[in-house]
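Have a look at the structure below, then the notes.
The values are calculated or read from the model by the stated rules, or taken from the named source; none is laboratory data. Because the structure is a prediction, the values reported are computed rather than measured. Because the Cβ atoms are built from the backbone with ideal geometry, glycine has one as well, and the counts that use them run over all protein chains shown. Just so you know, the surface numbers come from the protein's heavy atoms only, side chains and all, with ligands and any DNA or RNA stripped out. Shrake-Rupley method; radii C 1.70, N 1.55, O 1.52, S 1.80 Å.
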Amino acid sequence: EARADWLQERLSLQSKDLNQIVHRYPRIFTLKPMTNLEPKLHYLQCRLDLDDKTLRSIIKKSPSLLGLSTEDNLEPKLFYLQELLQLNSTQVGKVVSKSPSILGLNVEDSLKPTVAWLKKRLGLNGMQVGAIVKKHPSILYYSIPNNMEP
C-alpha cells in the first residue's frame with residue numbers, strides 16, 4: 001500500500017485513477033518507488049520535456065511503461081523516433097502523450113519496417129514521415145500487409 005500511496009502522491013492521482021492503473025498493471029506493486037518508479041518517471045519527464053499533467057496522463061493511459069527498462073527499452077525507442085523521424089524531444093513527448101503505448105512497440109519488428117514502408121511506398125523522407133507521425137502516431141501500429149498494402 002505504501003507504493004500505491006507514493007505513486008498517488010507523486011503523480012497527484014485521484015483514487016479512481018490509481019485504481020485504474022493498478023487494475024491495468026498490477027505489477028506496479030513489485031516496483032520500488034525510489035529504485036524503479038521515481039527514476040523512470042524522472043527520466044520520462046526530463047527526456048520528453050513533460051509537465052506533471054502530461055506525465056500523469058501518459059502513465060494513466062499506459063502504466064506498463066513503468067515496468068520497461070530505460071536503457072534497454074525506452075531509450076532505444078525514443079532515440080529511434082527522435083533521430084530517424086527528425087523530431088526534437090518536445091515533439092517526441094507530444095507523440096508519446098497522444099499514444100503512450102507506442103513505446104511498447106518493438107523497434108526492429110514494428111517501428112523500423114513501418115517507417116521504411118512509408119518512406120519507400122510514399123516516397124517520403126524522415127522529416128515527412130515524422131510530420132505524419134506527429135499528427136497520427138497510431139500509423140505506427142498499422143500492419144503493413146493487413147492495413148497499408150492494398
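List of remarks:
- Residue count for the range 116-148 satisfying the condition of being open to solvent by 80 Å² or more (accessible area, probe 1.4 Å), of a type in the set (A, V, I, L, M, F, W, C) and without any contact (Cβ under 8 Å) to a residue 24 or more places away in the chain: 1.
- Exclusive hit being β-branched (V, I, T), surrounded by fewer than 15 Cβ atoms within 10 Å (Cβ to Cβ), more than 10 Å from the chain's Cα centre (by Cα) and under 27 Å from L140 (Cα atoms), set T54, T90: T90
- Close Cβ contacts (under 7 Å, 6 or more residues apart or on different chains) running from residues in the range 89-115 that are in a loop (DSSP other than H, G, I, E, B) to residues that are buried (at least 18 other Cβ atoms within 10 Å of the Cβ) and not aliphatic (A, V, I, L, M) comprise S99/P137.
- Residue within the range 3-19 that is within 18 Å of S101 (Cβ to Cβ), open to solvent by less than 90 Å² (accessible area, probe 1.4 Å) and not in a helix (DSSP H, G or I) present: no
- Any hit, the range 96-114, residues being open to solvent by 50 Å² or more (accessible area, probe 1.4 Å), more than 30 Å from E149 (Cβ to Cβ) and out of contact with any strand residue (DSSP E or B) (no Cβ under 8 Å at 6 or more places or on another chain): no
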